[in-house]
1. In deg cm²/dmol, rounded to 500, what helix-only [θ] at 222 nm does the chain give when every DSSP H run of at least 4 residues adds -39500 (n - 2.57) and the total is split over its residues?
2. Can you give the FRET efficiency to the nearest 0.05 for V426 and R217, using r as the Cβ-Cβ distance and R₀ = 45 Å?
3. Share of Cα-Cα pairs in region 313-411 beyond 20 Å, in percent?
4. Which angle between 0 and 90 degrees, to the nearest 10, do you get for helix 365-392 versus the longest principal axis of the chain when only C-alpha atoms count?
5. For region 1-159, just the Cα set please: Rg and Dmax, both in angstrom.
6. Scale the Cα Rg of region 128-230 by the rule-of-thumb value 2.2 N^0.38 Å and send over the ratio, two decimals.
7. Can you work out the Karplus-derived ³J(HN,Hα) for every residue in region 259-266? Use 6.51 cos²θ - 1.76 cosθ + 1.60 with θ = phi - 60°, whole Hz, and x for glycine or proline.
8. Multiply the residue separation of R133 and A74 by 0.36 nm, subtract the distance between their alpha-carbon atoms, and state the gained length in nm to one decimal.
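The values are calculated or read from the model by the stated rules, or taken from the named source; none is laboratory data. Note that the structure is predicted; figures quoted are calculated from it, not measured. Cβ sites come from the backbone with ideal geometry, for glycine too, and all protein chains shown count toward neighbours. For the accessible areas, the whole protein counts, side chains as well, though only heavy atoms, and no ligand, DNA or RNA atoms are used. Shrake-Rupley method; radii C 1.70, N 1.55, O 1.52, S 1.80 Å.
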Amino acid sequence: MHTTVHLLADAPAQLLPARQLMAFTLASHIILVPLGVALPLLTLVMHYRGLRRNDPVALLLARRWSAVMAVQFAVGVVTGTVLSFEFGLLWPGLMGKWGDVFGIGFGVEAWAFFLEAVLIAIYLYGWRRLKPRTHFLLGLPLPAAALLGAFGILAANSWMNTPQGFSLDSDGNPVDVDIWSAIFTPMFGPQYWHFVVAMLVTAGYVVAGVYAVGWLRGRRDRYHRLGFTLPFTVAAVFTPVQLMLGDSIARSVFHKQPVKFAATEIVWKTDTHVPEYLFGRLHPDGTISGGIKIPQLDSILAGFSPGTKVTGLTSVPASHRPTATQATIAHWAFDIMVVIGSLLVLIALWYGLVWLRHRRLPASPWFFRGAACAGVASVVAVECGWITTEVGRQPWIVYQNMRVAEAVTSTRSTSLWIMLGVVMVVYVLIFGSLLAVLLKMRTRWRLADERREAGEPGEEPETDTPYGPRSRPPAADVLASRGAGSGADGDGLS
């Protein structure tokens, strides 16, 4: 019988639905993570520009971005909390045995969520109610709180990839836990900085993409120019940095997780002068079909020399490595991420060269079409990065210490499939509500902008400079609101 069939037959029935449920909730949550981590920083940079230059347009953008930040954070808390519960509900073997070792990461993340929620509330409340300088200073801890949350979750994930900071007793249970060693594992540094820069790049392109669409639709005012330029500049500056960090983390995986590297690069046998395959499919007998083969490139990328020896999947038993299908999934995810990253570097270079030579935005509509697509593409790249990380580690949930099948819940598989269906329906409603709220906010802001351009007093606070007294509404509006609030007997009661 086929090796893959053997492995599937030995797996618990709960394994597939549990993995599908975890994958769906994680993939959904990741959509919100870039804005949750990086939007506070972009907002404060815009806020600082507004204060420093006394720029009402920059302050208007900062205030609106802060409102978006609060809405997406609220949804992110929900989806993140679901993930936290799933660790205990779906993988009790993992948390029961190893929770004392790496659980500190989840604790740090929980405190960061709480702190960020308080800071966002203060920041939102502070518009018009605090002195400008005080309000801005109270917002400064927001990016740090967001990075602290990323620190916690990346500490936990990097430990799962390169576990350390413990000893095993005679029964195989972890003892003598060293918390600092468990947090700062060999993969923590590469994973953390790669993740943080990815969030900055993705959030920058996502926010800029909104204004790029407006630019393509003919909205060429300063509001759209500034709303595009600042986040796109941040993303463009960090894009080549991210490419270098991606190369660094790939090399770290090569040294620390050689079998995972072999899965990512679909290397079957240990050898030197190993070719690089762009896409392609690995078969269970080790053959590769499709894709573009580039001789010796994999060895050169791994060790800067064609003679670099690359460990293959067959260096370990079949039960200790990803299946051919899992390796192909990890490989495609990695290649898609690299292709998107390379395209983002090109559009960043286009932007940078035009700016350096002419001190203006590129005039070509194709640039703004690319900028509009860059936000979606960067989110896809983030998704692919997590697929590479998680699928490439299979069959281990704790690398070389516990298999996924050993950690899964004993709950009936039927119940897990039902739970997956329910969660999918709930998440469609949650994200549909999020989209509806954001579209409603956009429509309201656009109407307020039109009123301001027409010289009419604004009804919404966003139409004014965020600091200072609000504009007095028109007398007709005041009388209408009073009339609507009064009852039939004229005493104001219904």
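1. Working: 17 runs with 346 residues, N = 494.
The helix contribution divided over the chain gives -24000 deg cm²/dmol.
2. Details: r = 34 Å, r/R0 = 0.75.
The pair V426/R217 has a calculated efficiency of 0.85.
3. Numbers: 2700 of 4851 pairs.
Pairs farther apart than 20 Å: 56 percent.
4. Result, in degrees: 40.
5. According to the Cα coordinates of region 1-159, Rg and Dmax are 20.2, 73 Å.
6. On the way: Rg = 21.5 Å, N = 103, 2.2 N^0.38 = 12.8 Å.
Dividing the Cα radius of gyration by 2.2 N^0.38 Å gives 1.68.
7. Listing the rounded values in order: 5, 5, 4, 4, 5, 5, 9, 6 Hz.
8. Values: separation 59, 0.36 × 59 = 21.24 nm, distance 2.64 nm.
Roughly 18.6 nm would be gained on extension.
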